[in-house]
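A short worksheet on the structure shown next.
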Number of protein chains: 2
Amino acid sequence: MLPNKAQSGGELAQTLLAPKSVAIVGASDDLSKTAARPLQFLRRSGYEGRVYPINQNREMVLGEKAWPSLASLPEVPDHAFIVTPTDHVIEAVGECGRLGVRVATILATGFSEGGAEGHRRVEQLQDISSATGLRILGPSSIGVVDLRSKFLLTANAAFAEPDLPVGGTFVASHSGSLLGALMSRGKARSVGFAGLVSVGNEVDLSLGEICSATLNDPTISGYVLFLESMRHAKDLRAFAIEAARRNKPVVAYKLGRSAQAAELALSHTGALAGEDDVAEAFLADCGIARVEHFETLLEALPLVGRVSPNAIRGRAPRVGIVTTTGGGAAMVVDELALRGIEVTKASDQTFANLAKAGVKTGHERIIDLTMEGTRYEVMKASLDTMLNAPEFDLVVAVIGSSARFQPDLAIKPVIDSAGAGKPLATFLVPDAPQAFARLAEVGVPGFRTPEGCADAISAAFRRRTPRVPPAGRGCITATGGRQLSEWDAYKLFEEIGLPHAPAARLPIDAEKIELPLPYPVVVKILHEAIAHKTEVGGVILNVGSEDAVRAAISRIVDSVRQKRPEISAQHVLIQSMTTGLGEVLLGYRKDPDVGPIVLLASGGVFTEIYRDRSIRLAPVDLQVAKEMISELAVSRIFTGYRGKKPGDLDALAQAIVSLSQLAVSDKWDVVDAEINPLIVRPAGAGVLALDAVVKLA
Amino acid sequence: MLPNKAQSGGELAQTLLAPKSVAIVGASDDLSKTAARPLQFLRRSGYEGRVYPINQNREMVLGEKAWPSLASLPEVPDHAFIVTPTDHVIEAVGECGRLGVRVATILATGFSEGGAEGHRRVEQLQDISSATGLRILGPSSIGVVDLRSKFLLTANAAFAEPDLPVGGTFVASHSGSLLGALMSRGKARSVGFAGLVSVGNEVDLSLGEICSATLNDPTISGYVLFLESMRHAKDLRAFAIEAARRNKPVVAYKLGRSAQAAELALSHTGALAGEDDVAEAFLADCGIARVEHFETLLEALPLVGRVSPNAIRGRAPRVGIVTTTGGGAAMVVDELALRGIEVTKASDQTFANLAKAGVKTGHERIIDLTMEGTRYEVMKASLDTMLNAPEFDLVVAVIGSSARFQPDLAIKPVIDSAGAGKPLATFLVPDAPQAFARLAEVGVPGFRTPEGCADAISAAFRRRTPRVPPAGRGCITATGGRQLSEWDAYKLFEEIGLPHAPAARLPIDAEKIELPLPYPVVVKILHEAIAHKTEVGGVILNVGSEDAVRAAISRIVDSVRQKRPEISAQHVLIQSMTTGLGEVLLGYRKDPDVGPIVLLASGGVFTEIYRDRSIRLAPVDLQVAKEMISELAVSRIFTGYRGKKPGDLDALAQAIVSLSQLAVSDKWDVVDAEINPLIVRPAGAGVLALDAVVKLA
């Protein structure tokens, strides 16, 4: 046994993507078999490293010498692709480890998604990796492709494609088959790739770690991720932080926006897909631009790379549109507006500048040049004027038929103007492959559909500089734990500076009822084992006198005894009846994938009905807390809605910040906290927690 | 003057789309000019009718004889395309009318969107049309194209395209430039067209009337509409009803889902674009399948034609998925689920049938055949089994790389199975133009993106048989009108069977206050000129005694006198305080475009905040009223939500039906009615209007 040392990122990138030698364990001689593909593809591509097909039953495979085993090779290969059936994988990987192979890629399925037996196999693989330093890609990886080194180590039939275009984009995907789709669609759009990796089950190498290993490669300019879950979120974050530091944009499509697809991801990859808006918050926190449409993955990078993260905060992006076709531009306006992005009308100054530049146009929200816009000087002058106008964050050029019939001429002003400081995007209304090829050559953002154009613009402007999480944070499995009583939860809130409605605790057999609170009051059962007090008849509202309190206690105690006989509660909690302008739900929890999150949602029944909520990774600062408030639709009732007083949004923001600080608390290891309702009172009067459920680790 | 007779649909279709002779008034000799295009295109296409270029300044135009005027021609042409500048249009159209030309198409702008001067021109055109029987297409029409008769009478540069594919789809569009985009994109997808019309301002011929004229053409199998407004909704409805009767599906894309784009449509075409969900309700009522994505316009027809309208009511469509690529299928699942469509797991029987047919697959929600699915017999057996399974309304085949590399083989099972009674859709995951060409040849539905696939499936299943509106309905301009007092509105409600909370009317100077209602009560100012009573301090809640009523009246009268001194109210309205499980808003109004509509929305502040509402054209029956209730998110609180009693949804449905009957009332010409709130009480206890604003014509 000759254990490998841990590989540095550069070494991993080399052995994974551009090894000097590779073995294909289980290479087939039968061209109809998947296991015959890697050798074929490597030979066809002209890969210059040494390739060793291994087949213990044949002397020749696809016309070349086959080796009986890894041990029989004249050298220890850098990389081995195990394409054997599931049952032979552990043995082959074990041999890789013993011999000192650096990376083993595993094609077979039947591991993470293979039930108890599969999980046992996963453990065996992980044991081999730890013991020997062998790095494992997969299982269930369809392979790895580096187009620069012509290393096409893949069983994906799509790589039979001739003339694969090479580019600066690196692709990593939870789905192997979609790599083929990205490649063929990319080719049709003249978008090429540096490399593509199917990460499979990620039992050792995670998607984030693989991408990190490539970060020093100067020929890689950006990343495209196809995600099915938020597995190994920590590695993904570490990669994203470094990518941002190097100005390499990262764009992701994530499955599972619907609950159904999330369930599917589970059965498909053995991953636990969490709630989609938690993933959304995580990706945003990492500075990864998430797109909604599959094809936007191919289109978005050049645009995302031109929009600086954090360029715009606290307002919607302002877009200017120049077009030769009003109908085409109107579709973009529609799609942008559906995403909350305003198409801004040019200022009087800009209209004057357009006129000075000889551009004749109406004073509409879009600059519709009609046929005139097919003239180079008119389109160029319009774009330059718009790109220099301070009222726009981005300009979209919408080009009609000329993009098809005179691609060079039609696209030239766009390409010539795209160097300006401000980002310029192009939507080509007709089918215009040649114009797209020109745009792709020079890296100018071009879009095929109004939906894709708006999707990418929205994703680009939502992108933020990734945040480095404070120490002590991370992914924590949040199961079990001890629940606090409401009284104890309020004690905790007092320590973290989160205001609650004044409360008193009374023994259930109190002789004398003297309350430090004004009547009417609420009487609630107090016990750490009762989270849903109303369900056990444990809450009585609007209690107006000492006698009524006594009667309420007695009714509550009777009801709780009947419904939860195992519980012997000793106290009730008394609070004054409190009203405000409205109520919200404020929550905190440790998500098993992404770690601590803070959640603000509409209160009462509307939390569930409208799913009106905003999520961020915790902790947050006041600015982020205010963004969360503005994202909540129901916040409108706190901004002077229909003649009501404005709500105390400063206090609400401070409450969000306070609760989110639990993420970095040394003292409290809270796994779950929910305040529902948190009453929002008029400006200056603060917010008050009226209930609290807190669970400690 | 030789007035034309009105033309029948068939005659109009012929003179509009396949005339025997055509004049181009203002034909230019300068190839760089738009006005030179129609003659070029007609000559290039090989149109066999007689073409007369008219140019009063030149003897020759583009190498052929030019005529000085319409009157100088050897015959009266069927059709004239007026391509002169705006100022010369009226004169040319007048001459067309005098001579007996049947159709004049007008290219120039400056009419409907041209301010007061433009509107005067529109009236002149309409006068000429009425006086002479000349039919007018446009103004602002880029032209009309019939690919069968090779009649390319258009100034749209896109028709310079060679080899335009001919097909069975007829396109009508409010935007002229997008016709070019549809054509080039159609060509790339092997989707051809029968004809394409840019309808422009529709000052005479409306989009609906043009499409209607083509309905008897047996070579036209379906319609694609690009809409910017609901102008001439009556014609569109008449067309849609007849199209449905002939089993010719109609698919529409409508701009203006956002308020911004709606405003743009206004400036762009001079049309008034209404609220988008009113248009949505109208299109649905007409049996027109509305798609969300532009490109779905090209893809949806074959699928929409295979899903019978009304196939499914009262439940979500159930879709089965067979795939060679799990990742590709998961994207479709996600997009379907986001549209409320369930991907159904096969039944045990179906899994048994699959096994019997030799198909090996897991028991997952999607039938993932992996590589095995590239074998004809495996995919064919799977599709046939799924298409025969009663649990599915539609099956989607998701095909991976093989669609690109072996298009015939990969697509053959889909094509061979598509004849089954149940609809089959195909999403091709890679770039696969050849496979799309095969699918298009045989009319099997094929989709390029998961979003388009789900968009079309959703549109197809939402399609209904168009309803023939009851007599007396139609589009009515709902301006002005007389408002009823709340008391009079309740009298009206009593007549139409709409329950309201018991109410009493009291003179403001009543000596004795004897109420036929239990305390506590609400006291409200009563006057037909006060619609928003709270805004003038005209409402006091929770009034508990005779004295308190007296005090309330006095406070209300003082406040109203101060805020609206011009009003002298004589009465107040008294109602008992009433509560229920929740509240909704129920409304009725005559929309200026589409006519009477009924609206159900969440009540209180949530109407605006969540825009949670359902709209139908009025009148509606109980089944539709129940659909409206189920579409409202807030309805969940009436279905036994969180242990609450279920609400009286039968009574709510009946209230919707009653109010909607105003659309056919002989007695009441209501233009606007709003009940907010309508209180929903527990099952059996009914619903009660607590407020009412009613406006008569």
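Suppose we keep only residues that are surrounded by fewer than 23 Cβ atoms within 10 Å (Cβ to Cβ), hydrophobic (A, V, I, L, M, F, W, C) and not in a helix (DSSP H, G or I) within the range A:271-314. Which one would you say is nearest to the other protein chains (Cβ to nearest Cβ)?
A:L272
Does B:T323 qualify as being at pLDDT 95 or above and over 26 Å from A:S140 (Cβ atoms)?
no
Name the helices (runs of 4 or more DSSP H) wholly inside the range B:422-524 in which the number of residues that are farther than 30 Å from B:G340 by Cα and open to solvent by 40 Å² or more (accessible area, probe 1.4 Å) is 3 or more. Don't jump to the end; show me each part of the working.
Numbers: elements: B:433-442, B:450-462, B:486-496.
Once the helices (runs of 4 or more DSSP H) in the range B:422-524 are filtered for at least 3 residues that are farther than 30 Å from B:G340 by Cα and open to solvent by 40 Å² or more (accessible area, probe 1.4 Å), what remains is B:433-442, B:486-496.
Given the condition over 11 Å from B:N201 (Cβ atoms) and modelled with pLDDT under 95, answer yes or no: does some residue in the range B:94-116 qualify?
yes
Looking at B:L336, B:L383, B:L354, B:L387, can you tell me which residue is under 25 Å from the mean Cα position of the chain (by Cα) and assigned to a helix (DSSP H, G or I)?
Details: B:L383 fails: under 25 Å from the mean Cα position of the chain (by Cα); B:L354 fails: under 25 Å from the mean Cα position of the chain (by Cα); B:L387 fails: under 25 Å from the mean Cα position of the chain (by Cα).
From the options B:L336, B:L383, B:L354, B:L387, the qualifying one is B:L336.
Any residue in the range B:343-365 that is of a type in the set (D, E, K, R) and closer than 17 Å to B:F447 by Cα?
no
Can you name every residue in the range A:527-567 that is small (G, A, S) and either within 16 Å of A:P507 (Cα to Cα) or in a helix (DSSP H, G or I) (or both)?
Step one: list which residues in the range A:527-567 are small (G, A, S), which gives A:529, A:531, A:537-538, A:544-545, A:548, A:551-552, A:554, A:559.
Within the range A:527-567, A:G538, A:A548, A:A551, A:A552, A:S554, A:S559 meet the criteria.
Those residues that are open to solvent by 20 Å² or more (accessible area, probe 1.4 Å), within 17 Å of the chain's Cα centre (by Cα) and modelled with pLDDT of 95 or more, I need them from the range A:238-267; list them, please.
Residues satisfying the conditions are A:A238, A:I241, A:E242, A:A244, A:K248.
Every residue in the range B:611-630 that is open to solvent by 40 Å² or more (accessible area, probe 1.4 Å) and not basic (K, R), please.
B:D621, B:L622, B:Q623, B:S630
Residue check: is B:R102 closer than 23 Å to B:F41 by Cα and basic (K, R)?
Judged against the criteria, B:R102 is a match.
Would you check if B:I553 is in contact with a strand residue (DSSP E or B) (Cβ under 9 Å, 6 or more places away or on another chain), β-branched (V, I, T) and either exposed (fewer than 13 other Cβ atoms within 10 Å of the Cβ) or touching a residue at least 40 places away in the same chain (Cβ under 8 Å) (or both)?
yes
Suppose the filter is buried (at least 21 other Cβ atoms within 10 Å of the Cβ), away from chain B (no Cβ under 14 Å) and of a type in the set (S, T, N, Q); does A:T154 pass it?
No, not satisfied.
Out of the residues in the range A:315-336 that are aliphatic (A, V, I, L, M) and away from chain B (no Cβ under 11 Å), state the one that is least open to solvent (accessible area, probe 1.4 Å).
Only one residue fits best here, namely A:V322.
Of all residues in the range B:424-451, which are closer than 21 Å to B:I312 by Cα and out of contact with any strand residue (DSSP E or B) (no Cβ under 6 Å at 6 or more places or on another chain)?
Correct list: empty.
Provide a single number: the residues in the range B:96-114 that are open to solvent by 40 Å² or more (accessible area, probe 1.4 Å) and part of a helix (DSSP H, G or I).
2
Identify, by number, the condition in (1) away from chain A (no Cβ under 14 Å); (2) open to solvent by 10 Å² or more (accessible area, probe 1.4 Å); (3) closer than 29 Å to B:R438 by Cα that B:A131 doesn't meet.
Failing condition for B:A131: (3).
Inside the range A:197-214, can you point out the residues that are more than 13 Å from chain B (Cβ to nearest Cβ) and not hydroxyl-bearing (S, T, Y)?
A:V197, A:N201, A:E202, A:V203, A:D204, A:L205, A:L207, A:G208, A:E209, A:I210, A:C211, A:A213
Give the range A:357-371 a look and list any residue that's without any contact (Cβ under 8 Å) to a residue 24 or more places away in the chain and either within 12 Å of another protein chain (Cβ to nearest Cβ) or outside any loop (DSSP other than H, G, I, E, B) (or both), or say none.
Within the range A:357-371, A:G362, A:H363, A:E364 qualify.
Which numbered condition in (1) in contact (Cβ under 8 Å) with a residue 40 or more places away in the chain; (2) of a type in the set (V, I, T); (3) open to solvent by less than 20 Å² (accessible area, probe 1.4 Å); (4) in a helix (DSSP H, G or I) is the only one that A:T607 fails?
The single condition A:T607 does not satisfy is (3).
Across the range B:9-64, which residue is nearest to B:H79 (Cα to Cα) among those that are open to solvent by 50 Å² or more (accessible area, probe 1.4 Å) and among the polar types (S, T, N, Q)?
Result: B:Q14.
Among (1) within 11 Å of chain A (Cβ to nearest Cβ); (2) in a helix (DSSP H, G or I); (3) buried (at least 24 other Cβ atoms within 10 Å of the Cβ), there is one condition B:V398 misses while meeting the rest; what is its number?
Condition (2) is where B:V398 drops out.
Taking the options A:G192, A:G176, name whichever one is more than 16 Å from A:A244 (Cα to Cα), more than 9 Å from every other protein chain (Cβ to nearest Cβ) and in contact (Cβ under 8 Å) with a residue 12 or more places away in the chain.
A:G192
Pairs needed: first member in the range A:679-697, over 23 Å from A:G640 (Cβ atoms) and of a type in the set (K, R); second member anywhere, at pLDDT below 90 and not in a strand (DSSP E or B); C-beta distance under 8 Å; at least 6 residues apart or different chains.
Pairs found: A:K695/A:G481.
Identify, please: which residue in the range B:610-630 is in a helix (DSSP H, G or I) and small (G, A, S) and is, among those, farthest from the other protein chains (Cβ to nearest Cβ)?
So the first thing to find is which residues in the range B:610-630 are in a helix (DSSP H, G or I), and the list is B:610, B:622-630.
Pick out the ones that are also small (G, A, S) and you get B:625, B:630.
Details: B:A625: 20, B:S630: 14 Å.
Per the stated criteria, the residue is B:A625.
Looking at B:A238, B:A233, B:A259, which one is of a type in the set (A, V, I, L, M, F, W, C), free of Cβ contacts under 8 Å to residues at least 12 places away in the same chain and more than 16 Å from B:S141 (Cβ to Cβ)? Show your work before the answer.
Values: B:A238 fails: free of Cβ contacts under 8 Å to residues at least 12 places away in the same chain; B:A233 fails: free of Cβ contacts under 8 Å to residues at least 12 places away in the same chain.
After ruling out the rest, the residue left standing is B:A259.
Which residues, counting only those in the range A:157-173, are of a type outside the set (A, V, I, L, M, F, W, C), within 13 Å of chain B (Cβ to nearest Cβ) and either closer than 24 Å to A:A240 by Cβ or open to solvent by less than 10 Å² (accessible area, probe 1.4 Å) (or both)? Even if it seems obvious, please write down each step before you answer.
In the first step, residues of the range A:157-173 are kept if they are of a type outside the set (A, V, I, L, M, F, W, C); the result is A:161-163, A:165, A:167-169, A:173.
If we keep only those that are within 13 Å of chain B (Cβ to nearest Cβ) as well, we get A:161-162, A:165, A:173.
A:S173 - this is the single residue of the range A:157-173 that is of a type outside the set (A, V, I, L, M, F, W, C), within 13 Å of chain B (Cβ to nearest Cβ) and either closer than 24 Å to A:A240 by Cβ or open to solvent by less than 10 Å² (accessible area, probe 1.4 Å) (or both).
The values are calculated or read from the model by the stated rules, or taken from the named source; none is laboratory data. This is a predicted model, so every value here is computed, not measured. When we count neighbours, we look across all protein chains shown, and the Cβ atoms used for this are built from the backbone with ideal geometry, even at glycine. Calculation scope for accessible area: heavy atoms of the full protein, side chains included, ligands and nucleic acids excluded. Shrake-Rupley method; radii C 1.70, N 1.55, O 1.52, S 1.80 Å.
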